[in-house]
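K.L.:
Could you have a look at this structure, given as structure tokens, before my questions?
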Amino acid sequence: MSTAENETIEEAPVTNRKQPFPRGFLETISTGWADRPESLPAARPQAAFAAARRAKVSAAFPGKRLVIEAGSLKQRSNDTDYPFRTHSAFAHLTGWATDTEPDSVLVFEPTDAGHDITLYFRERADRTTTEFYADATVGEFWIGPRPSLAGVSADLAVATDHLAAFAASDEDVTLADAELERFVSELRLVKDEYEIAEIRRAVEITARGFDDIIRALPDAATHARGERVVEGVFHRRAREDGNGEGYDTISASGPHACYLHWTRNDGAVIPGDLILVDAGVEADSLYTADITRTLPVSGTFSDVQRRVYETVLEAADAAFAAARPGVKFREVHEAAMTVIAKRTAEWGLLPVTAEEALDADAGGQHRRYMVHGTSHHLGIDVHDCAQARREMYYDGVLEPGMVFTIEPGLYFQIDDLTVPEELRGIGVRIEDDIVMTADGPVNLSADIPRTVSDIEAWIARGLRV
Ligand code: GLY
Ligand code: MN
Ligand code: MN
């Protein structure tokens, strides 16, 4: 069931499960529907923020015709598509989020004064059309009500026009142009108050999802694929209270915790092991959280697990203490890595001293146990601002309004012969979401227990405070 089939049904290549529409259907389907009087909505809260972002883009590209595409549906198999996810820059510049119409384009038409900006999208077809009843991809009979041009114009406070009125030109600057792609990525480095509120919302829902996980641990421990039990309860929370997950949940128990992107999640959850859960809810606005907690399945850490855990916590706290406006983003990472190098050297794991390991050229021996970075920007994308220049990102300076993770870890793989046997198979990461303010960093996820004693009390209680 996919496309128009009334006139062309005889020629359609796939007719094995399609029935032609008989004349009686065609003569009656367009009539008998109630009018849809439309009362235009007030502009949504993000509309004013999106307008301010568009003004910055306009000022940066005078005289250029800019075309920002939302993107199109992507086929999953034959007539089944993946859920639609609009381009992050498009969402940022329009305020449209999960409700974006596929194939929309935001056009900046140059004028003497700047740009005229128009959002083109495929308006709903009325009930006299074939699309209405026979197009399973966009027809309202199939997918439900779609918005009108006037409705979207009021909702997003932007001029709208029908997609058919849009014509591309060879002169257009699009997101395939590196300069525009970089500009719209760097435009997201500092979040406005709407964005910070939405990230807070995503973190709050994620916290509830972690509560659900805590309560599900006993059940997970009885299931052959307990990691999926954990993934599943988080998914339920993400879908019920948000749009879904901002990335695939990592539910990694025992030695799986050492595989940094373990998303197979098909392992058992065994009492005595730690389970590392890296999960983040994406709000309906598309802003996402990105949080990791490492939990003892039985409810209490063993001595060796506690030693590893408290070292990672020490690294996280050192990174947090280093973060303040004016400090380079990389210095946050360096603060965490200094702790990791010091402790792994003390434990006799390194063939060199901590100082030698921290040497920028000859060092890095400790990175075997924490190969990833400590921080990344967070926003509409979990790894936000990915096309920003290095001097604006890793070598850039922290400013109020930036939102980023702090997520050190220690991972001793099950077959790593450089560590004592008692450490093998232990993986710990602690990941929090931080907003920088003029007064210093604020940990948005501080309410999700992160010390050994708070986690043990959390599991005993089954809920945060
Ligand atoms: N969940 C991916 C990351 O922590 O960066
Ligand atoms: Mn992260
Ligand atoms: Mn993460």
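The values are calculated or read from the model by the stated rules, or taken from the named source; none is laboratory data. On a predicted model such as this, the values are computed, not experimentally measured, just so you know. Neighbour counts run over all protein chains shown; Cβ positions are idealised from the backbone, glycine included.
K.L.:
What's the number of the condition Ala97 fails, among (1) hydrophobic (A, V, I, L, M, F, W, C); (2) closer than 23 Å to Ala167 by Cα; (3) touching an Asp or Glu at 6+ places or on another chain (Cβ under 7 Å); (4) at pLDDT 95 or above?
P.N.:
(2)
K.L.:
Could you count how many residues in region 57-87 are touching a residue at least 24 places away in the same chain (Cβ under 8 Å), outside any loop (DSSP other than H, G, I, E, B) and surrounded by fewer than 13 Cβ atoms within 10 Å (Cβ to Cβ)?
P.N.:
1
K.L.:
Would you check if Glu431 is within 22 Å of Arg306 (Cβ to Cβ), within 18 Å of the chain's Cα centre (by Cα) and either polar (S, T, N, Q) or at pLDDT 95 or above (or both)?
P.N.:
Yes, satisfied.
K.L.:
May I ask you to verify whether Glu399 is touching a residue at least 60 places away in the same chain (Cβ under 8 Å), acidic (Asp, Glu) and within 16 Å of ligand 1 (Cβ to nearest atom)?
P.N.:
no
K.L.:
Also: Picking from Asp317, Asp273, Asp303, Asp266, which residue would you name as being in contact with a Ser or Thr (Cβ under 7 Å, 6 or more places away or on another chain), modelled with pLDDT of 95 or more, more than 15 Å from ligand 3 (Cβ to nearest atom) and on the phi < 0 side of the Ramachandran plot?
P.N.:
Testing whether each residue is in contact with a Ser or Thr (Cβ under 7 Å, 6 or more places away or on another chain), modelled with pLDDT of 95 or more, more than 15 Å from ligand 3 (Cβ to nearest atom) and on the phi < 0 side of the Ramachandran plot leaves just Asp273.
K.L.:
Moving on. Looking at Leu276, Leu260, Leu313, which is the one that is surrounded by fewer than 23 Cβ atoms within 10 Å (Cβ to Cβ), within 16 Å of ligand 1 (Cβ to nearest atom) and among the aliphatic types (A, V, I, L, M)?
P.N.:
Leu260
K.L.:
Right, something else. Go through Glu123, Glu109, Glu179 for me and flag whichever is surrounded by fewer than 20 Cβ atoms within 10 Å (Cβ to Cβ), more than 21 Å from the chain's Cα centre (by Cα) and either under 18 Å from Asp284 (Cβ atoms) or at pLDDT below 95 (or both).
P.N.:
So the residue among Glu123, Glu109, Glu179 that is surrounded by fewer than 20 Cβ atoms within 10 Å (Cβ to Cβ), more than 21 Å from the chain's Cα centre (by Cα) and either under 18 Å from Asp284 (Cβ atoms) or at pLDDT below 95 (or both) is Glu123.
K.L.:
On to the next question. What's the total number of residues in region 179-199 that are among the small types (Gly, Ala, Ser) and in contact (Cβ under 8 Å) with a residue 60 or more places away in the chain?
P.N.:
1
K.L.:
If the requirement is being within 16 Å of ligand 2 (Cβ to nearest atom) and surrounded by 20 or more Cβ atoms within 10 Å (Cβ to Cβ), which of these qualifies: Gly373, Gly427?
P.N.:
Step by step, each of Gly373, Gly427 is checked, and only Gly427 is within 16 Å of ligand 2 (Cβ to nearest atom) and surrounded by 20 or more Cβ atoms within 10 Å (Cβ to Cβ).
K.L.:
Within region 420-437, track down each residue that is among the charged types (D, E, K, R) and within 16 Å of ligand 3 (Cβ to nearest atom).
P.N.:
Arg429, Glu431, Asp432, Asp433
K.L.:
Counting only residues that are over 25 Å from Phe84 (Cα atoms) and within 14 Å of ligand 2 (Cβ to nearest atom), which one in region 259-289 is farthest from the chain's Cα centre (by Cα)?
P.N.:
Leu276
K.L.:
Just to be sure I understand, how many residues within region 214-269 are closer than 22 Å to Tyr411 by Cβ and in contact with a helix residue (DSSP H, G or I) (Cβ under 6 Å, 6 or more places away or on another chain)?
P.N.:
The qualifying residues number 12.
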